[in-house]
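**Q** This is the structure I want to talk about, given as structure tokens.
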Amino acid sequence: MDTRTRVNQALKQAMKDREASRLATLRLINAAIKDREIADRVDGETGGIGDAEVLAILGKMTKQRNESARAYEEGGRLDLAERELNEIAIIEEFLPKQLSDEEITEAVKAAVSDTGAESIRDMGKVMGALKGKYTGQMDFGKVGPMVKDQLCQGGNC
């Protein structure tokens, strides 16, 4: 079952259970997915978006909420920070299990060897391979420096 179907089923269940905060978060997820589909239609694509794109949207939503929660905590608005953290928990139900640091390191090494990357110029190929295989399972903002370090070990920087 794809992620979008799981979100819709959870939305219906939240309506039945009268869970207002969960329902609001699930509606935000659906709205983000529909916005992306509309943007793609303007670009000429009519087929809808795939599961990988939905996972990327969910990852982006999680990252945004983490940043907001941090800002609210710094500003002393713990009630708003808690609400953001609750939304993160709901969104993460639909994301695949996040890889550990060791698993990420192994994935980076495998991607470097699989793509035949030899220098920093090949970083795009490596990142593309990782995004194709591990979308939603790792934070690519943190992975980028790891790929760069791996490629620079041979002194090709």
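**Q** Pop the C-beta distance of A20 and E102 into the FRET formula with R0 = 30 Å and round what comes out to the nearest 0.05.
**A** So the FRET efficiency works out to roughly 0.15.
**Q** Something else: Share of region 45-137's accessible area from carbon and sulfur, percent, 1.4 Å?
**A** In region 45-137, the share of accessible area belonging to carbon and sulfur is 48 percent.
**Q** Length gain on complete extension for the stretch R77 to Q9, per 0.36 nm per residue less the alpha carbon to alpha carbon distance?
**A** Here the answer is 21.2 nm.
**Q** Now for a different question. Quickly estimate the mean residue ellipticity at 222 nm for the chain, helices only: each DSSP H run with n ≥ 4 gives -39500 (n - 2.57), and the total goes over all residues, rounded to 500.
**A** -25000 deg cm²/dmol
**Q** Starting from the Kirkwood radius over alpha-carbon pairs of the chain, derive D by Stokes-Einstein at 37 °C in a medium of 0.692 mPa s and give it in µm² s⁻¹.
**A** 186
**Q** Expressed in nm to one decimal, what extension gain is obtained for the pair K109 and R70 from 0.36 nm per residue of sequence separation less their Cα-Cα distance?
**A** That pair, K109 and R70, stretches by 10.8 nm at full extension.
**Q** Can you tally the net charge around S100? Count Lys and Arg as +1, Asp and Glu as -1, for every other residue whose Cβ sits under 15 Å from the Cβ of S100.
**A** Combined, the nearby Lys, Arg, Asp and Glu give -2.
**Q** Show I49, I120 ordered by accessible area, largest first, where the area counts protein heavy atoms only and the probe is 1.4 Å.
**A** I120, I49
**Q** Among the lysines in the chain, how many pairs, 8 or more places apart or on different chains, have alpha carbons under 19 Å apart?
**A** 24
The values are calculated or read from the model by the stated rules, or taken from the named source; none is laboratory data. It should be emphasised that the depicted structure is a prediction, and the values quoted were computed from it without experimental measurement. Cβ atoms come from the backbone with ideal geometry, glycine included; neighbour counts cover every protein chain shown. What goes into the accessible areas is simple: the full protein's heavy atoms, side chains included, and nothing from ligands, DNA or RNA. Shrake-Rupley method; radii C 1.70, N 1.55, O 1.52, S 1.80 Å.
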